[in-house]
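Q: Once you've had a glance at the structure underneath, I'll fire off some questions.
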Amino acid sequence: MQPGPEATRQEAGELVARLRSDAAVAEGHVREVTGLGHGLPLLPADVVDRPAWAAAAVHGMAALTADAELPAVSRAARIVTARTAGLQVGGVVAYLGARVLGQYDPFGGPAGDGRLLLVAPNVHAAQRALDVPAADFGLWVCLHEATHRLQFTAVPWLRTYFATEVGRFLTVTQGMERGAVLERLPEVVRAVRSSGGDSLAIVELLQGPEQRAVLDRLLALTTLLEGHADHVMDAAGPEVVPSVATIRSRFTARRRGSGVVDRVLRALLGVEAKVRQYAVGSAFTRHVVLAAGMAGFNRVWESPETLPT
């Protein structure tokens, strides 16, 4: 994993202190925008370096696939994870470790009840690359991650629902016959050529109906979560983050990736599909909020049956 950007001890110390403070301040703003979480305690965030984030990411994946509340699916999930970890997890973590600004892991932490991480060297590097005010950018990042934490802490059923769907997906994946996958390889090659490397389109071709149904539910949920967080971080407005318009425009351009190699890696790891989730989910959230207000939008959190498809 690449080392973080150069910074003096004083710069690093000031950034860590500011991010810790921003995390608590951000959740207060998120609660005002969303109307969720009033009365819940304001929890601290962990400010970490790249190796600490990588260790937490691996631990979070292991915790998700071994969730004690889901014994029927966790056994199959652990088998799938063990078979693929050496080939996939290391590469994904290494690539993302230099790019992830923050993350809320609902299965992380010592007790497995959630952990918000802010990756200080990546926040510092992105702020310098975008040439935006450091204080504004750190708070803006915290608004996104605090929204994710509030989604899981203020919606009691969401954590178990998400873990159950992931477990189902892994269980169905384990049952796929290798021969059936090989039969579809010519179709996959054609899809690569016609889609320009759309990783999501390729993944869908390698699935059966049951697996695709589970993936559809997971994609709908994660698109909602990411789009809602993107909407909230901007809806807090210039009163909270004065340079929010500049940050958003420059950050959106950054998400597209720069070089050819970076774009290929992003497609292979599914990052391009993730980037589209932000845009689609944010547009959905904005449309519903304009039509029905935030209270109307919040009906999506009533139960799994009220989630968008």
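The values are calculated or read from the model by the stated rules, or taken from the named source; none is laboratory data. Given the structure is predicted, the values throughout are model-derived calculations rather than measurements. Neighbour counts run over all protein chains shown; Cβ positions are idealised from the backbone, glycine included. These area figures cover heavy atoms from the full protein model, side chains too; ligands, DNA and RNA do not enter into them. Shrake-Rupley method; radii C 1.70, N 1.55, O 1.52, S 1.80 Å.
Q: So for region 216-238 (the condition being at pLDDT 70 or above, assigned to a loop (DSSP other than H, G, I, E, B) and surrounded by fewer than 16 Cβ atoms within 10 Å (Cβ to Cβ)), does at least one residue qualify?
A: Yes, region 216-238 contains at least one residue that is at pLDDT 70 or above, assigned to a loop (DSSP other than H, G, I, E, B) and surrounded by fewer than 16 Cβ atoms within 10 Å (Cβ to Cβ).
Q: Can you name the residue in region 1-29 that is assigned to a loop (DSSP other than H, G, I, E, B) and open to solvent by less than 50 Å² (accessible area, probe 1.4 Å) and is also modelled with the highest pLDDT among such residues?
A: Among those that are assigned to a loop (DSSP other than H, G, I, E, B) and open to solvent by less than 50 Å² (accessible area, probe 1.4 Å), it is 5.
Q: Six or more apart or on different chains, Cβ under 8 Å: which pairs go from a residue in region 277-289 that's hydrophobic (A, V, I, L, M, F, W, C) to one that's outside any helix (DSSP H, G or I) and open to solvent by less than 40 Å² (accessible area, probe 1.4 Å)? Could you list them?
A: Here the result reads 284/308, each pair linking region 277-289 to a residue that is outside any helix (DSSP H, G or I) and open to solvent by less than 40 Å² (accessible area, probe 1.4 Å).
Q: Same structure, new question: Only one of these conditions is not met by residue 149: (1) in a helix (DSSP H, G or I); (2) more than 21 Å from residue 238 (Cα to Cα); (3) open to solvent by 20 Å² or more (accessible area, probe 1.4 Å). Which number is it?
A: Against the list (1) in a helix (DSSP H, G or I); (2) more than 21 Å from residue 238 (Cα to Cα); (3) open to solvent by 20 Å² or more (accessible area, probe 1.4 Å), residue 149 comes up short only on (3).
Q: It is to be established whether one or more residues within region 111-121 are assigned to a helix (DSSP H, G or I), modelled with pLDDT under 80 and either open to solvent by 20 Å² or more (accessible area, probe 1.4 Å) or of a type in the set (Ser, Thr, Tyr) (or both).
A: no
Q: Return only the number of the condition from (1) over 21 Å from the mean Cα position of the chain (by Cα); (2) closer than 11 Å to residue 121 by Cα; (3) surrounded by 13 or more Cβ atoms within 10 Å (Cβ to Cβ) that residue 47 does not satisfy.
A: Status for residue 47: all satisfied but (1).
Q: Among the numbered criteria (1) more than 21 Å from residue 119 (Cβ to Cβ); (2) part of a helix (DSSP H, G or I); (3) open to solvent by less than 40 Å² (accessible area, probe 1.4 Å), which one does residue 32 miss?
A: Here residue 32 clears every test but (3).
Q: Oh, and also: So how many residues does region 263-309 have that are at pLDDT below 75 and either farther than 17 Å from residue 98 by Cα or out of contact with any helix residue (DSSP H, G or I) (no Cβ under 9 Å at 6 or more places or on another chain) (or both)?
A: 2
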